Amino acid sequence: MLRQLHISEGKLVESHEGQAVVFVYIAPDETERKYLLEQFKIDEHTLNSSLDPDELSRLEFEPEHTAMIFKRPVRYRAEDNFLFKVGSTGVFVFKNFLVIVLSEDAPLFEGRPFTKVQSIHDIFLRLIYRAITHFVEHIRGINAVSGELEGHIYTSMENKHLLNLFTLEKSLVYYLNAITSNGVLIEKLKNNAVKIGFTQENVEFLDDMLIENNQCHRQAEIYSQVLSSLMDARASIISNNLNIRIKALTLITIAIMLPTLVVSVFSMNVKIPIAWYEHAFWVITALAAMSSATIGILWWNKRW
């Protein structure tokens, strides 16, 4: 699918053919891929890398354009089961226009950064900045979800919630790798500012982006370390909860077995001492009840 946009009063708006300066190819089919390779002279490997979620961020200079791949978080879906994924986006910067390639539709141009854009350089720098803020939003979401799962773990004997925490920890590892990769890309953009044609304002914005990315990385690192260090404790909590329930069931079993033993002794097919006594049934019943009461009193006093 192809989206075409142009800059109008500092904003990106949908455009008709001939006015567009930004071409967004979403999950391009074979015809669109062939057009990108032949018309724009985009390297096939770089084009495939733009659609590969495992590809690292990088910057390459071609004769007619500058190719850039950066990492961004993928929109979370319920079927992902607490796994927050990372995707790749390819940006190809030509002299007068911009080509963007991504594997699935995403809100690339939303938010405050895209309220004041003046050039194609502004656009792709703000794309990276939006990816950084998107990572921060997801990291905060992961922290909130992990807090909710902790509450379930404290009272649960199942492994489901603990496995969900493992999945969140795995997500943070992917995020840390992606954020680090974006940081390397920003450094390369800054070092090649003159070659790319950045203005002084663009360079200052790169400095701000680098600071924001480092803060994002540090935040993800802290959450990852905290989540990792508490996993063993949470596993112990589940084990302890299970032990408490087993102990309670064991005591209940003993409380049931003692009166059963009393009744069984007096029910044997032999002569018993009080067989002649007319209230023998109630004596046996009282003994059975006293055995259960004794277990209950011991349970209460010793706080089993």
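General remarks:
- Qualifying residue in the range 21-36 (condition: in the same structural domain as L172 (by TED's automatic domain parsing), surrounded by fewer than 17 Cβ atoms within 10 Å (Cβ to Cβ) and within 25 Å of the chain's Cα centre (by Cα)): yes
- Candidates are the residues of the range 113-152 that are of a type in the set (K, R) and under 29 Å from N192 (Cβ atoms); the one that is surrounded by the most Cβ atoms within 10 Å (Cβ to Cβ) is R126.
- Selected residue (criterion: modelled with the lowest pLDDT) from residues of the range 171-193 that are of a type outside the set (S, T, N, Q) and in contact with a Phe, Trp or Tyr (Cβ under 7 Å, 6 or more places away or on another chain): L172
- Residues being under 13 Å from Y129 (Cα atoms), polar (S, T, N, Q) and surrounded by fewer than 17 Cβ atoms within 10 Å (Cβ to Cβ) - total across the range 168-216: 2
- Figure legend. Inter-residue proximity from the range 81-93: first residues not assigned by TED's automatic domain parsing to the domain that holds H138, second residues at pLDDT below 90 and not in a strand (DSSP E or B), beta-carbon distance below 9 Å, spacing 6+ or different chains. No pairs are indicated.
- Filtering N202, N143 for residues that are within 23 Å of the chain's Cα centre (by Cα) and touching a residue at least 24 places away in the same chain (Cβ under 8 Å) leaves a single hit, N143.
- Meets criteria (under 25 Å from the mean Cα position of the chain (by Cα) and part of a helix (DSSP H, G or I)) for N213: yes
- Test: residue in the range 134-148 that is in a loop (DSSP other than H, G, I, E, B) and closer than 26 Å to S236 by Cα: no
The values are calculated or read from the model by the stated rules, or taken from the named source; none is laboratory data. As the structure is a computational prediction, the values presented were derived from the model and not from experiment. Quick reminder, even Gly has a Cβ in these numbers, built from the backbone with ideal geometry, and neighbours come from all protein chains shown.
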